[in-house]
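**Student:** Dumping the structure here so I can ask a few things about it.
The values are calculated or read from the model by the stated rules, or taken from the named source; none is laboratory data. Quick caveat: nothing in here was measured; it's all calculated off a predicted structure. Cβ placement follows ideal geometry from the backbone for every residue including glycine, while neighbour counts extend to all protein chains displayed.
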Amino acid sequence: MTSLAMASSADAVPNRTRLSGLSSGKVLFVLDLLTVAAVTPVALWLGARGGFIPNVAEFTLFPPANLLLLFAMGLYRRDAMIELRRALGRVPLVVGMGVIVAVISTLILDGLIGWPTARAFDWNKTTTQAAVAETLFVIAAMLARGVFRLLVRRGVLHRHLLVIGAGARAWELLHMLGKEGSRLHDTIVFLHDPALGALDPRLQEDTRVRVVEGLSVLQAARASDADQIVVAPDERRGMDLERLLACKRAGFPMVQYLAFIEQEIRRIDLKRMELSWLLYSDGFHFNVIDRVLKRVFDLGVSALVLALMSPFLALAMLAIRLEGPGAVLYRQTRVTLDGQPFQIMKLRTMRVDAEKGGAVWARKNDDRITAVGRFLRRSRIDELPQLINILKGDMSFVGPRPERPEFVAELVSQIPLYNERHMVKAGLTGWAQINYPYGASVDDARSKLSYDLYYVKNFSILFDFVILLQTLRVVLWPSGVR
């Protein structure tokens, strides 16, 4: 247990010069935005020097397409920012995809609305222009990540947290931030008071952790130059609320443990969750406009994807037919909105007699899966017929994945609040699917529920769009598929 140097003045105010108000991903996105904005005029100038007038439409579309794909491919996620060198290997591929998206979008817009371009479309010049643009934008992305690393080393991105409490809840907060937090670089001080619960021995034994006692909350906040105060005691009856109010008046932002964890790891902490917090916090509200917009979103996206993927769907159906006897399409009862059953459609990926003994979870290296089925599962092509379920209204494009009634009954009996995931329609993709590997057990279902509840609680059309974008990463770099 250590002590902190006291603030030099009783009137000291929090230091707000750091970029601690932004998550690490947002900081990196801003850096990418700035470097892309700087590179675009250079690319246009080099194009002009090369003897051709750049296609204005392509250069209008390429920067936003590039940034969207950097986000969609997970380059602002925690794991990509921790392993920057590994993430850099994806940058040229992502930027190349941005070029393709920009060119295709230009052709489509030119055909639909006659988007004016500065020159006639020329594949040779477009190829040269694309090569120049990709090179410069790759350099820009790498430069942004170099600046990001420099900011980390200089401590500019370090956020200073004061955690009230040093018990089991405080330890779990430290553990979850270190594993899943949206900010990579937190300096955390724990304020211990015996009235707020016993000191967790894991905090006491960890030499990297600073635990202080004998100070008021305001004194500790000033001494640690806290950017935020997190109220996380095991025992709340010993808290002095007037002292907390004094911190708030002094300008220190304050947040309760459960709200802080929800904001940081973007899921609901089921282990420590309190029903009273869930009841009085915002969320779980769907008005008519929300539902209408979601339905329009579902119809538009599913129809577009079905049209684009129909050739692959036809080839997959042919491959299943050639592999052996049995139905190409597989129908199975699943559960959706308000616990209603429906018949989900998938391409058959298992042997015809796969469930002759009854419903069972899929296993790792499941021997019931056919050779063609294994490829279809890894590529997610087996899920494409569910687009018809979406058009029929059984499912939504984004939502919790539908489970079988047999499994739902088992999970409801073992996991509190499991039925709350049925407040929205089941989805083809979802928040749990892009953040958690394939689950085939009660423990996996409990972990996925923490993401599903977060989605239901924070639903918005913009959130659906974010999930839709990041689904591209899961499709191209599949993990945990069975």
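Results for (1) touching a helix residue (DSSP H, G or I) at 6+ places or on another chain (Cβ under 8 Å); (2) of a type in the set (Gly, Ala, Ser), shown as yes or no for each residue.
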| residue | (1), (2) |
| --- | --- |
| 384 | yes, no |
| 392 | no, no |
| 405 | no, no |
| 409 | no, yes |
| 417 | yes, no |
| 421 | yes, no |
| 424 | yes, no |
| 429 | yes, no |
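**Student:** Starting from region 165-176, keep only residues that are under 22 Å from residue 240 (Cα atoms), then list their pairs with residues that are in a helix (DSSP H, G or I) whose Cβ atoms are within a distance under 7 Å, requiring at least 6 positions of separation or different chains.
**Tutor:** Qualifying pairs under 7 Å: 165/196; 166/203; 169/257; 170/203; 171/202; 171/203; 173/257; 173/261.
**Student:** Could you list, in sequence order, the residues of region 266-306 that are over 30 Å from residue 167 (Cα atoms), among the aliphatic types (A, V, I, L, M) and exposed (fewer than 10 other Cβ atoms within 10 Å of the Cβ)?
**Tutor:** Matches in region 266-306: 288, 289.
**Student:** Determine which single condition residue 294 fails, assuming it passes every other condition in (1) in the same structural domain as residue 164 (by TED's automatic domain parsing); (2) modelled with pLDDT of 90 or more; (3) part of a helix (DSSP H, G or I).
**Tutor:** Result: residue 294 passes all but (1).
**Student:** While we're here: Filter region 448-471 down to the residues that are surrounded by fewer than 18 Cβ atoms within 10 Å (Cβ to Cβ) and closer than 20 Å to residue 78 by Cβ and list them by number.
**Tutor:** Scanning region 448-471 gives 458, 463, 466, 469.
**Student:** List the number of the failed condition for residue 224; all other conditions in (1) of a type in the set (Gly, Ala, Ser); (2) modelled with pLDDT under 90; (3) surrounded by fewer than 20 Cβ atoms within 10 Å (Cβ to Cβ) hold.
**Tutor:** Against the list (1) of a type in the set (Gly, Ala, Ser); (2) modelled with pLDDT under 90; (3) surrounded by fewer than 20 Cβ atoms within 10 Å (Cβ to Cβ), residue 224 comes up short only on (3).
**Student:** Quick one: in region 177-231, which of the residues that are among the small types (Gly, Ala, Ser) and under 18 Å from residue 155 (Cα atoms) is farthest from the chain's Cα centre (by Cα)?
**Tutor:** The extreme case among them is 223.
**Student:** Please name all residue pairs, on different chains or six or more residues apart, with Cβ atoms under 8 Å, provided the first residue is in region 64-91 and is on the phi > 0 side of the Ramachandran plot and the second residue is among the hydroxyl-bearing types (Ser, Thr, Tyr) and outside any helix (DSSP H, G or I).
**Tutor:** Hits for this filter: zero, empty list.
**Student:** Return the pairs, sorted by first residue and then second, in which the second residue is among the acidic types (Asp, Glu), the first residue lies in region 227-255 and is surrounded by fewer than 20 Cβ atoms within 10 Å (Cβ to Cβ), the beta carbons are less than 8 Å apart, and the residues are 6+ apart or on different chains.
**Tutor:** Short answer, once both residue conditions are applied: 238/193; 253/227.
**Student:** Being surrounded by 13 or more Cβ atoms within 10 Å (Cβ to Cβ), part of a helix (DSSP H, G or I) and in contact (Cβ under 8 Å) with a residue 24 or more places away in the chain is the filter here, so list the residues in region 313-338 that pass it.
**Tutor:** 313, 316, 317, 319, 320, 323, 337
**Student:** Based on this model, can you work out whether residue 30 counts as in a helix (DSSP H, G or I), touching a Leu at 6+ places or on another chain (Cβ under 6 Å) and at pLDDT 80 or above?
**Tutor:** no
**Student:** Tell me whether region 152-167 contains one or more residues that are at pLDDT below 80, within 27 Å of residue 27 (Cα to Cα), surrounded by fewer than 15 Cβ atoms within 10 Å (Cβ to Cβ) and not aliphatic (A, V, I, L, M).
**Tutor:** yes
**Student:** Follow-up. Conditions: (1) modelled with pLDDT of 90 or more; (2) farther than 26 Å from residue 447 by Cα; (3) within 26 Å of the chain's Cα centre (by Cα). Residue 336 meets all but one. Number of the miss?
**Tutor:** (2)
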